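So the structure is just underneath, and the comments pick up after that.
The values are calculated or read from the model by the stated rules, or taken from the named source; none is laboratory data. Because the structure is a prediction, the values reported are computed rather than measured. Note that we place each Cβ from the backbone using ideal geometry, even for glycine, and neighbour counts take in every protein chain shown. What goes into the accessible areas is simple: the full protein's heavy atoms, side chains included, and nothing from ligands, DNA or RNA. Shrake-Rupley method; radii C 1.70, N 1.55, O 1.52, S 1.80 Å.
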Amino acid sequence: MSAPAKPILRPGAEAIAAKGWLAAHKWLLLRRASQLGILLLFLLGPWFGIWIVKGNLNFSYTLNVLPLADPYVIAQSLLARQVPEKLALTGAAIVLLLYLLVGGRAYCSWVCPVNLVTDFAYWLRVRLGLKGSAHISRPTRYWMLGMTLVVATVTGSIAWEMVNPVSMAHRGLIFGMGLAWAVLLAVFLFDLFVMRHGWCGHLCPVGAFYSLIGSFSLTRVKLPARSACNDCMDCFAVCPEPQVIRPALKAIDGAPPVILETNCTNCGRCIDICSKDVFAFGTRFNSTVVPVAGVASAAPK
Amino acid sequence: MDTESKPSTAARRQFLAGTARMACGVGLLGLGVGLYARHARALPPAAIRPPGALAETDFSAACIRCGMCVRDCPFNILHLAKPEQPLSTGTPYFVARQAPCEMCEDIPCVKACPTGALDHALKDINKSKMGLAVLVDHETCLNFLGLRCDICYRVCPVIDKAITLEPQTNARTGKHTLFIPVVHSDHCTGCGKCEKACPTEIAAIKVFPLYMAKGQLSSHYRLGWVEKEKAGGSLVAPDIEHRYNMPEGMTYESGKGLSSDAVPPAPTSGAAPGSATGLPKALQGGKL
Ligand code: SF4
Ligand code: SF4
Ligand code: SF4
Ligand code: SF4
């Protein structure tokens, strides 16, 4: 299920030539290591009886000291009028702080197991040269997010958890899949045949929730060398959310050289792929080039 | 915001149409999810929640499907529901016939629950109400058939309180006693040990979620004998002594049986005072 570490056909060739294969895949490799490593940590218990982490992404307890809880599911529980015990609330607060630090949708690219599936679907899509994609606008995910919160409020239950592919996948791997694989397969096929970056880029309310945390998060991708850009478009080709790059790269409306758009997943693929080293990780503050008012807003297509 | 001049109305119209389409799509999906969630509220009969679980409506709002309870159960009886199972996906349950709750004294499952979906106020496992055992099949229960199986009674962790054996005449043989297992809801925890242990092919005694197993009297009902006890005496006019309509010369007294008032043919010598005399032995005393 793991996505390949092979060079993507066209984009990246330049970067590999300029920096070498390893440097052109650094963040990708680290990211896969993080995704699989986290999964493995969860599986050490049930598979080998080594209990470092118990639970799943909704709530986990590490070494019986560190509680971590998904603030999104806790929010639904609160809307369904149940106030969780302190342990879950503490866990949610810790996770919230963590993503305020590393970037909201870092959850998507560094932790979420579904990302492995959808990245693979995208890789295959490019490989097979599948063109054409259904059109659903990217903000649809916020409608999805709103819908899940409304349903939680109206039904008084965490209804979305009954169908959420993200927690289904993770829980399935750890506690037994059942038919959850069918849901994952559906997501995979949807991304492969129906819509480019369909699930993660347009629909997933979990990603939408974490993108909201991203509005304030510290770690951001910066473009310290944006003037060196030679318009090869490789970053647009590999970015799962290409619309976030343009304002910062092209200084649209005087945008500072930092990707503030909340749907950047901090995957770092653009850093890898750019032969001119335009991108680098940094903080949202102190972006050197021309301090202009007007934060980069959702970009045009 | 952008201020475009010419194509703005067309663009705006298209934008509105797109938004409407999206809202409708997402709304329909939401409706589906909501209805699905509603359906999953009725816990299927074989699925029993862990000790301390809140009532089902609250539980589906409080449980975040993390499986901590599953992990900390030393007997590994708990499972998280898979998507294809007929209860809320990811919520914990056990199936008594497969593996019942062992009623750990320290209740690790409740302690492990980070949300309180398993109520932390539950400190005494004997007070838990996971479900309620019901002797569903009077035709196959071995004790009903006249055997002394008694297994459910004996394995019950709350022995002699949750299940008692009530003697009853075996009408079939006319001379034996049936020991009928009777479940008492105020003590039964719903652990399911009885269902697990029942030796028949399919258990004659089964644990069900409370909402299925327990009836309730209408709120205006009062039990006369209870009220009388509370009041320390009859609540209406003083009790009138009950009289039987007996044939001439005969009386019936509870505990003593029939006796005849008519001076019997002269009490013969050795008759114990107070005992009914002159009647066949079978008619003396209330029991056979
Ligand atoms: S968008 Fe959703 S499914 Fe995709 S990586 Fe983020 S949380 Fe996971
Ligand atoms: S901008 Fe870069 S870091 Fe952000 S999502 Fe796109 S490729 Fe990943
Ligand atoms: S009381 Fe013990 S046996 Fe029963 S569910 Fe909890 S941990 Fe498991
Ligand atoms: S530990 Fe609590 S919140 Fe987690 S699955 Fe069990 S009952 Fe639900």
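Some points to look at:
- Identity of the residue in the stretch A:85-122, at the interface with chain B (Cβ under 9 Å from one of its Cβ atoms) and open to solvent by less than 10 Å² (accessible area, probe 1.4 Å), that ends up farthest from ligand 2 (Cβ to nearest atom): A:ALA88
- Filter pass, A:ARG171 being touching a residue at least 60 places away in the same chain (Cβ under 8 Å) and open to solvent by 30 Å² or more (accessible area, probe 1.4 Å): no
- Residue within the stretch B:85-98 that is outside any loop (DSSP other than H, G, I, E, B), open to solvent by less than 60 Å² (accessible area, probe 1.4 Å) and out of contact with any Cys (no Cβ under 7 Å at 6 or more places or on another chain) present: yes
- Options B:CYS104, B:CYS69; residue that is touching a strand residue (DSSP E or B) at 6+ places or on another chain (Cβ under 8 Å) and either more than 7 Å from chain A (Cβ to nearest Cβ) or in a helix (DSSP H, G or I) (or both): B:CYS69
- Applying the set (1) within 21 Å of A:GLN243 (Cα to Cα); (2) within 16 Å of ligand 4 (Cβ to nearest atom) to A:LEU87 leaves exactly one unmet item: (1).
- Residues in the stretch A:250-276 that are open to solvent by 10 Å² or more (accessible area, probe 1.4 Å), touching a residue at least 12 places away in the same chain (Cβ under 8 Å) and more than 13 Å from ligand 2 (Cβ to nearest atom): A:ALA251, A:ILE252, A:ASP253, A:GLY254, A:PRO256, A:SER275, A:LYS276.
- Within the stretch B:231-251, tally of residues that are under 30 Å from B:SER185 (Cα atoms) and loosely packed, with under 10 Cβ neighbours inside 10 Å: 3
- Meets criteria (surrounded by fewer than 20 Cβ atoms within 10 Å (Cβ to Cβ) and in contact (Cβ under 8 Å) with a residue 60 or more places away in the chain) for B:LEU165: no
- Verdict on B:ALA61 being within 27 Å of the chain's Cα centre (by Cα), facing another protein chain (nearest Cβ under 7 Å) and open to solvent by less than 30 Å² (accessible area, probe 1.4 Å): yes
- A:LEU179 passes every criterion in (1) away from ligand 1 (no atom under 16 Å from the Cβ); (2) at pLDDT 90 or above; (3) within 14 Å of chain B (Cβ to nearest Cβ) apart from (2).
- Selected residue (criterion: farthest from ligand 4 (Cβ to nearest atom)) from residues of the stretch B:73-84 that are crowded, with 17+ Cβ neighbours inside 10 Å and either at the interface with another protein chain (Cβ under 8 Å from one of its Cβ atoms) or on the phi > 0 side of the Ramachandran plot (or both): B:PRO83
- Within the stretch B:27-58, the set of residues being assigned to a helix (DSSP H, G or I), facing chain A (nearest Cβ under 7 Å) and either in contact (Cβ under 8 Å) with a residue 60 or more places away in the chain or touching a Ser or Thr at 6+ places or on another chain (Cβ under 7 Å) (or both) comprises B:GLY34, B:ALA37, B:ARG38.
- Residue match in the stretch A:221-229 (condition: open to solvent by less than 10 Å² (accessible area, probe 1.4 Å), among the basic types (Lys, Arg) and touching a strand residue (DSSP E or B) at 6+ places or on another chain (Cβ under 6 Å)): no
- Failed criterion for B:VAL182 (all others in (1) surrounded by fewer than 14 Cβ atoms within 10 Å (Cβ to Cβ); (2) more than 13 Å from the chain's Cα centre (by Cα); (3) of a type outside the set (D, E, K, R); (4) closer than 28 Å to B:LYS123 by Cα hold): (2)
- Of all residues in the stretch B:110-134 being within 14 Å of another protein chain (Cβ to nearest Cβ) and farther than 19 Å from B:GLU56 by Cβ, the one that is most open to solvent (accessible area, probe 1.4 Å): B:LYS111
- For A:GLY129, the stated conditions do not hold, so it cannot be described as more than 14 Å from every other protein chain (Cβ to nearest Cβ), of a type in the set (Gly, Ala, Ser), at positive phi and touching a residue at least 40 places away in the same chain (Cβ under 8 Å).
- Selection from the stretch B:134-166 of residues that are assigned to a helix (DSSP H, G or I) and in contact with a Lys or Arg (Cβ under 7 Å, 6 or more places away or on another chain): B:VAL155
- Identification of strands (runs of 3 or more DSSP E) wholly contained in the stretch B:170-263 with 1 or more residues that are free of Cβ contacts under 8 Å to residues at least 40 places away in the same chain yields B:177-183, B:250-253, B:257-260.
- Against the criterion of being part of a helix (DSSP H, G or I), within 14 Å of chain B (Cβ to nearest Cβ) and open to solvent by 40 Å² or more (accessible area, probe 1.4 Å), A:LEU149 qualifies.
- Residue in the stretch B:126-133 that is within 16 Å of ligand 4 (Cβ to nearest atom), assigned to a loop (DSSP other than H, G, I, E, B) and among the hydroxyl-bearing types (Ser, Thr, Tyr) present: yes
- Matching residues, the stretch A:153-176, being more than 8 Å from chain B (Cβ to nearest Cβ) and either within 19 Å of A:LEU212 (Cα to Cα) or not hydroxyl-bearing (Ser, Thr, Tyr) (or both): A:ASN164, A:PRO165, A:VAL166, A:ALA169, A:HIS170, A:LEU173
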